[in-house]
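Every number in this text was worked out from the coordinates using simple rules, so none of it is lab data. Not measured: the values here are computed from a predicted model. Quick reminder, even Gly has a Cβ in these numbers, built from the backbone with ideal geometry, and neighbours come from all protein chains shown.
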């Protein structure tokens, strides 16, 4: 993990203002590789990858504004929908396919994940952990759908339709025979949850998680 | 080998004004046309027998107000149909300056009824260039930074070899004796021009609609010669529906008794009614239902109540008639047949065993595609199919669908998202190509 930590530090130095999860993802990507970022927003991660990892970075984004911003910055981004358009990509066309904080907003997360590991040799997925203690507390003690600073939508207008916990996600990877190469959970301060902690601990104290996945044998 | 000659001929000719038989419309009609920014407030009230300038849309065919390169008889263009066009003439305009490395050239490909006058006043109509929102100093295709070339397609009527050009074998215009041409033939002729200008690689090839088809053909035929490509509101093949629309237009022209099997130039009349109807029908396909409703609704033209006649009672009728009548001033009916036919034949995948991805396999060209939500002539699905093929071929591609109600014509209009996307894409490609910013010292 020290090489990863070094890479994260290097990336952090390169882009001090970037989100911690994006820095973590950037640290998982080998330099000079081919990367597809699904749901690339305004291209923050693509830029970070291009600048700090020197990769051939491509993006897909649903919103016209996001795509416009990206193309105006000189990034290669196409307007598309993870649920609809991944099927059109050929096998093995990327080294990494990244889905950052988006899987919970897809219609068919399982299908999307399968496509990611068909298109790319590896997949990187980050998502908010619905098993975090704050969320459990809101639902368990207050009996209300959780609204946190990280997940600020009310139940009736949220784009997030498929929440999962870290354990749910691990279980899905097992169902799909996906190999977890690395996994990192971040607490509310953005610090990493203790590396050698058991899954239940991560699931309780990780506010978000980042998984580096590859096809199982 | 004989050298092609470049001559500027337009200045030597007097610019004759084309007179069309039109009836003046009362002043309140200004309001309708002001909505479109149209300064010319004439409209056909009676589309009767053409009392049109004898040359009509053929006026620029042989002596255009443009630069011209003539390739001699010994260097024929072999068309896709297997026939020869010789001598081959290509009329073109340029803007800006070619740098010493010849690395800053941008080729603009025009659409069906466009021409090479992309950023200067049109020699026949006096109207501004057709893409001045996109091309000019400080515009996305910045003429302070790039050397911009735009040539009239072969088959056209603005100076490149077309049916209105003189056939040296007969001393008369070709008419239908010109071989039927394809988009690839047009691109071959452009490549000849680019060779003639001494340019190995174009920095960018850009165009909308049929221009976008040419951009795709360029990228497929000459991948090494295109650094970046912008096909806008384009398709890799012409749809059955679009072929159908074109056929309606061609039949309108051929049904005009003055068409005379394409040999109207032997008489004083022109098939102007047919060509105007073709243009009116086509013009509807360039707009959207929403835009037509927003601009015209069911409003009446110059009257408070229906007159129960077949005059142009609705504003939309008056507008379409205006489009038809102004078009015949500047376009040749036979050219309309040839150029629509070229679009009909376009099916890029068909040239690559049915796989569009193979057309772009291994391409190093950077692509940026743009489509428009309300474009039902070249809908977004067409652009997506190209994007998928480019992705499958491993090419670098950006794609944006712009939300607008302006229909297919949006690519010609002042759509801020189109301009910002184009500028961002070109600026970043120019950095990658090592082109200095406009005004910077190289």
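For chain B, take every pair of Cα atoms, bin their distances at 10 Å starting from 0, and report each bin as a whole percent. Taking every Cα pair in chain B, the percentages come to 4, 21, 32, 27, 12, 3, 0, 0. Backbone N atoms of the stretch A:26-41 closer than 18 Å to the 7 Å Cα→Cβ label point of residue A:121 belong to residues A:26-37. Full extension of the chain segment joining residue B:420 with residue B:167 gains 86.6 nm, where the gain is 0.36 nm per residue of separation less the Cα-Cα distance. Considering only A:184, A:195, A:67, the mean-square fluctuation computed in a Gaussian network model of chain A, springs between alpha carbons under 10 angstrom, is largest for A:195. Taking the C-alpha atoms only, the angle from helix B:240-255 to the longest principal axis of chain B is near 50 degrees. Beta bridges from DSSP with both residues in the stretch A:94-217: antiparallel share about 70 percent, rounded to the nearest 5.
Computed from the Cβ-Cβ distance with R0 of 45 Å, the FRET efficiency linking residue A:149 to residue A:215 stands at 0.80. Taking a virtual spin label 7 Å from the Cα of residue B:403 along the C-beta vector, which residues in the stretch A:149-165 bring their backbone nitrogen under 17 Å of it? Answer for this model: A:159. Shape class for chain A, computed from the alpha carbon gyration tensor (a ≥ b ≥ c): rounded, with a/c under 1.5.
Which percentage, to the nearest 5, of the DSSP beta bridges contained in the protein assembly as shown is antiparallel? Counting only bridges with both partners in the protein assembly as shown, antiparallel ones make up about 45 percent. For the stretch B:198-242, compute Rh as the Kirkwood radius over C-alpha pairs and then the Stokes-Einstein diffusion coefficient at 4 °C and 1.567 mPa s; write the answer in µm²/s, rounded to an integer. Stokes-Einstein gives a translational diffusion coefficient of 121 µm²/s.
Each label was represented as a point 7 Å from its Cα along the Cα-to-Cβ direction; for residue B:281 and residue A:167 these points are 6.9 nm apart. Stretched out straight at 0.36 nm per residue, the stretch from residue A:92 to residue A:177 would grow longer than its current Cα-Cα span by 28.8 nm.
The distance from the alpha carbon centre of the stretch B:216-258 to that of the stretch B:60-93 is 20 Å, rounded to a whole number. The mean number of partner chain beta-carbon atoms within 10 angstrom of a residue's beta-carbon across peptide A:78-90 is 4.
Between the stretch B:331-374 and the stretch A:120-177, the alpha-carbon centres lie 46 Å apart.
In terms of its C-alpha gyration tensor, the stretch B:216-319 has an oblate overall shape, because the principal axis ratio a/c (a ≥ b ≥ c, square roots of the eigenvalues) is not below 1.5 and a/b does not outweigh b/c.
Kindly identify the stretch A:95-208 as rounded, prolate or oblate by the Cα gyration tensor criterion: order the square roots of the eigenvalues as a ≥ b ≥ c, call it rounded if a/c is under 1.5, otherwise compare a/b with b/c, prolate if a/b is larger, else oblate. Judged from the Cα gyration tensor, the stretch A:95-208 comes out oblate (a/c at least 1.5, b/c at or above a/b). Calculated FRET efficiency, residue A:200 and residue A:30, Cβ-Cβ r, R0 41 Å, to nearest 0.05? Efficiency at R0 = 41 Å is approximately 0.85.
When B:319, B:336 are sorted by how many other C-beta atoms sit within 10 angstrom of their C-beta, beginning with the fewest, the order is B:319, B:336. Per residue of B:415-421, other chain Cβ atoms within 10 Å of the residue Cβ number 3 on average. Taking 7 Å steps out from each Cα toward its Cβ at residue B:413 and residue A:191 produces label points 5.7 nm apart. When A:163, B:411, B:399 are arranged by Cβ crowding within 10 Å, least crowded first, meaning fewest neighbours, the order is A:163, B:399, B:411. Taking label points 7 Å from Cα along the Cα-to-Cβ direction, residue B:101 and residue A:142 give a separation of 6.0 nm. When only Cα pairs below 8 angstrom with a gap of at least 6 residues are kept, the stretch A:153-217 shows a relative contact order of 39 percent.
Mean-square fluctuations from a GNM of chain B, with a 10 angstrom spring cutoff on Cα atoms, peak among B:332, B:344, B:200 at B:200.
Listed peptides B:374-382, B:268-276 appear in the order B:268-276, B:374-382 once ranked by packing, highest mean of other Cβ atoms within 10 Å at the front. When B:210, B:158, B:254 are sorted by how many other C-beta atoms sit within 10 angstrom of their C-beta, beginning with the fewest, the order is B:254, B:210, B:158.
Tilt of helix B:380-392 relative to the longest C-alpha principal axis of chain B, in degrees (0 to 90, nearest 10)? So the helix axis and the longest Cα principal axis differ by about 10 degrees. Divide the volume of the convex hull around the Cα atoms of the stretch B:84-152 by the residue count and you get 114 Å³ per residue. Could you give the angle, 0 to 90 degrees to the nearest 10, between helix B:183-196's Cα long axis and the longest principal axis of the Cα atoms of chain B? For helix B:183-196, the angle is close to 60 degrees.
Per residue of peptide A:56-63, the mean number of Cβ atoms on other chains within 10 Å of the residue Cβ is 1. Build a GNM of chain A with springs between Cα atoms under 10 Å apart, and of A:169, A:127, A:141 the one that fluctuates most is A:141.
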